[in-house]
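Accompanying notes for the structure given below.
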Amino acid sequence: MTSQETVGVGTAVPPLPLLDGITVLDLSSVGPASRATRLLADFGARVIKVGPVPSDGGVLLTPPFFAYSGHRSMERVAFDLKSEDGKEALRSLVKTADVLVESFRPGVTERLGLGYSALAEINPGLIYCSTSGFGQEGPLSQSAGHDIDYLALGGYLATSEPTRDGGPPLPGATIADAAGGGMHAALSICAALVGRQSTQRGCYLDVAIADGVLWLMSLTLDEHLALGTRPGPGHDLLTGGFACYATYQTSDARWLAVGAIEAKFFATLCHALGLDEFAAFQMDPSRQAEIRHAFVDAFAQATMNEWLERLDGLDTCVAPVLSVAEIPQTSHVKARGLVVEAHHPTQGTFRQLAPVLAGMIRSTEVIKVPDMTETQTAAILDEAGVDADVIDRWRTQGVIA
């Protein structure tokens, strides 16, 4: 691949979106399923959000205008999936769709007559992805849960450094939803799309967020399963057992993250700290308390920025612990174009995180995000071949909006 063919930022010839021509029906409103379709849309898929019609004059709840990247590059339809005509409206889109993503509680879509087996009869090539907390089967399949629950059951909280009161910490990101669920689903869908090229058939994907967390914890779980160890905080290098992989406070009450795993990086850091005598004892368990104490004292002698200046240009694997507000101001984020401008029809212009993953197309123009309180139902049904009089009748009956 030449530099002009590189997918992403800095290309001389803009590439085609990797999922160009793929249509995704998204029956979710928030959560891991919406995280997944956010990724698919940024890779170039056409994502049509399928929401419920307003009932009894109630207001349809939607996420904040900025959430899920403002639903950029997405369209929306509204169907009453409890009515037969509403189901028929969905089926009309399924006929030509490539992917359907849903996040109802296990068993709901089957009871509605919209499960995989029913829709595969209409479209044998459909990739049907169900996302749920614990999967479609098993003793927890009907249990409610959220991010912290999946991280708790998957061992993530138990292996993280405890808080001052000894309890597990609260993560600063929805790791289970984003990676255990959303990226899990998107990756599985992309693999299924590749597989369909040879089989010409779709498939059913049972994406369980809790299962995805186990994959995130696979290094630790595999160690336990193979050796019988009982990993916890401070058990090994990555969980706080060694001074070379930890956080240290500076004189201005800021923090630095140290990840000097390789011996050469650790030796360079020790030299910069004036602690060369510890370079040879990086992995000596008996010396860790001594090294950590020396590091604590050394980093406390200067401010965070002073340390960053001293370490600039040195391979020490030291990074500042930034607040969310500081991130957009960093030279790295600015140089990579990771923050872009977007415009909402009613909220005006605002900034948002760009499509940041490799292979996503990043525009240099202001991104137009849709007003998700509005729909394109009639136009999309017309495109699907539904007669205009049928569309009018469904609208009058309130089964579409």
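A few comments on the model shown:
- Using equal-weight Cα scatterers in the Debye expression, the normalised intensity of the stretch 104-229 in log10 at q = 0.20 Å⁻¹ is -1.14.
- Net lengthening on full extension, Ala272/Ala302 (0.36 nm per residue, minus Cα-Cα): 9.5 nm
- Assigned charges on the beta-carbon of Lys, Arg, Asp, Glu; the chain dipole about Cα centre (debye): 320
- For the stretch 41-102, applying the loop criterion from DSSP together with a ceiling of 16 other beta carbons within 10 Å to the chymotrypsin sites (Phe, Trp or Tyr not before Pro) yields Phe66.
- Ile127 long-range amide H proximity, modeled H, under 5 Å: Val99, Leu100, Cys203
- Selection from Val321, Thr174, Val30 lying farthest towards where the dipole of the chain points positive, charges on Cβ: Val30
- Positive-pole candidate from Ala272, Ala257, Ala294, dipole of the stretch 232-297, charges at beta carbon: Ala257
- Report summary: the helix-based calculation at 222 nm, which adds -39500 (n - 2.57) for every DSSP H run with n ≥ 4 and divides by the residues of the chain, gives -9000 deg cm²/dmol.
- Cα long-axis angle, helix 84-94 against the chain (0 to 90 degrees, to the nearest 10): 60
- DSSP bridge orientation in the chain - percent antiparallel, rounded to nearest 5: 40
- Phi-based couplings in Hz for the stretch 366-377 (Karplus 6.51, -1.76, 1.60; Gly and Pro marked x): 4, 7, 8, 9, x, 7, 6, 8, 9, 10, 10, 4
- Computed lengthening from Ala335 to Ala263, 0.36 nm per intervening residue step minus Cα-Cα distance: 22.9 nm
- Taking the centroid of alpha carbons for each part, the stretch 164-179 and the stretch 340-386 are 31 Å apart.
- Only Lys, Arg (+1) and Asp, Glu (-1) charged, at Cβ; the stretch 49-194 dipole about Cα centre in debye: 220
- In the stretch 212-314, the convex hull through the Cα atoms has an average projected area of 7.9 nm², a quarter of its surface area.
- Along the chain, longest interval not containing exposed trypsin sites (Lys or Arg not before Pro), exposed being DSSP loop plus at most 13 other Cβ atoms within 10 Å: 202-401
- Residue among Gly70, Gly107, Thr96 farthest towards the positive dipole end of the stretch 64-110, charges placed on Cβ: Gly70
- With Cα atoms, 0 to 90° folded angle of helix 32-42 axis to the chain main axis: 90
- Taking 21 Å as the straight-line reach from the Cα of Lys87, the lysines in range (excluding those fewer than 8 positions away in the same chain) are Lys49, Lys95.
- Helix 288-299 and the longest principal axis of the Cα set of the chain meet at an angle near 90°.
- Of Asp98, Asp149, Asp312, the sequence from fewest to most neighbouring Cβ atoms within 10 angstrom is Asp312, Asp149, Asp98.
- Within the shell of other residues whose beta carbon sits under 9 angstrom from the beta carbon of Ile22, the net charge comes to -1, with Lys and Arg scored +1 and Asp and Glu -1.
Bear in mind these aren't lab numbers, they're just calculated from the coordinates by the rules spelled out. Everything quoted here is computed from the prediction, not taken from an experiment. Neighbour counts run over all protein chains shown; Cβ positions are idealised from the backbone, glycine included.
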